[in-house]
Amino acid sequence: MLLAIDTSTGTSVAVVDREGGILAEVGTDDSMRHAEVVGGFIRDALAEAGVTPSRLSGVAAGMGPGPFTGLRVGIAAAHAFALGIGRPFVPVVSHDAVAWSWYHDGGTGGLQVVTDARRREFAVSEYDGLDADDLPVRLTGPELAPRDEVPAARGIRFDAHLVPAGAIGMLAELAFAAGRLPLAGDAPLYLRAPDVTPSARKRVLR
């Protein structure tokens, strides 16, 4: 059983079980209030599922792509919760969760997942169905494209405004069962440098 968190677009939190599926999921597509709502969503998801933290086997988090400020909130919350309960942290590509959810809702064929990357750019990934382990087959991406230069989709274009944390968790469960963890690296997929970086230290003359 896993707690799953994603803040790459809006904020979504879920509790999932490989056999039981998505036990609880709460979220908002508000892309500005991640830090304000993520703690309450964790509490609400656990309460709705009737699960105590001690029963969790790990914490999964969407690693992006996403803007720096929002994305780091969910990843930091997931890391802190995993550390607090002494369970592993499981990284998942956020676009993969969108694709998995879309195919499980009945979608077929090629899929282009698009999310807002700010600065008049989109983050884009291309998929071609699910494999034998029920994991999405990503053909390209995630990568950045100017809003008016997004490549033509190989199939359906889907603009996601909220990445479902339930799908984040289910991908982690399925990958674990198939022996295919990790699904993503530990580094967040910002796809660009943050707006603010530390300035170079100036030499002090004596």
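If you check 101, 94, 54 for being hydroxyl-bearing (Ser, Thr, Tyr) and touching a strand residue (DSSP E or B) at 6+ places or on another chain (Cβ under 7 Å), only one passes: 94. Among the residues making up the range 44-67, those that are of a type in the set (D, E, K, R) and over 9 Å from residue 13 (Cβ atoms) are 48, 55. Condition test on residue 171, is it farther than 15 Å from residue 9 by Cβ, under 12 Å from the mean Cα position of the chain (by Cα) and aliphatic (A, V, I, L, M)? In short, yes.
Against the condition more than 23 Å from residue 55 (Cα to Cα), among the small types (Gly, Ala, Ser) and outside any loop (DSSP other than H, G, I, E, B), how does residue 24 come out, does it pass? In short, no. Taken together, 43, 18 contain a single residue that is at pLDDT below 95 and surrounded by fewer than 16 Cβ atoms within 10 Å (Cβ to Cβ), which is 18. The residue that is nearest to residue 144 (Cα to Cα), among those in the range 55-100 that are of a type in the set (D, E, K, R) and in contact (Cβ under 8 Å) with a residue 60 or more places away in the chain, is 96. Restricting attention to the range 47-67, the residues being touching a helix residue (DSSP H, G or I) at 6+ places or on another chain (Cβ under 8 Å), buried (at least 20 other Cβ atoms within 10 Å of the Cβ) and either of a type in the set (D, E, K, R) or outside any loop (DSSP other than H, G, I, E, B) (or both) number 5.
The values are calculated or read from the model by the stated rules, or taken from the named source; none is laboratory data. Note that this is a predicted model, so its numbers are computed, not measured. Because the Cβ atoms are built from the backbone with ideal geometry, glycine has one as well, and the counts that use them run over all protein chains shown.
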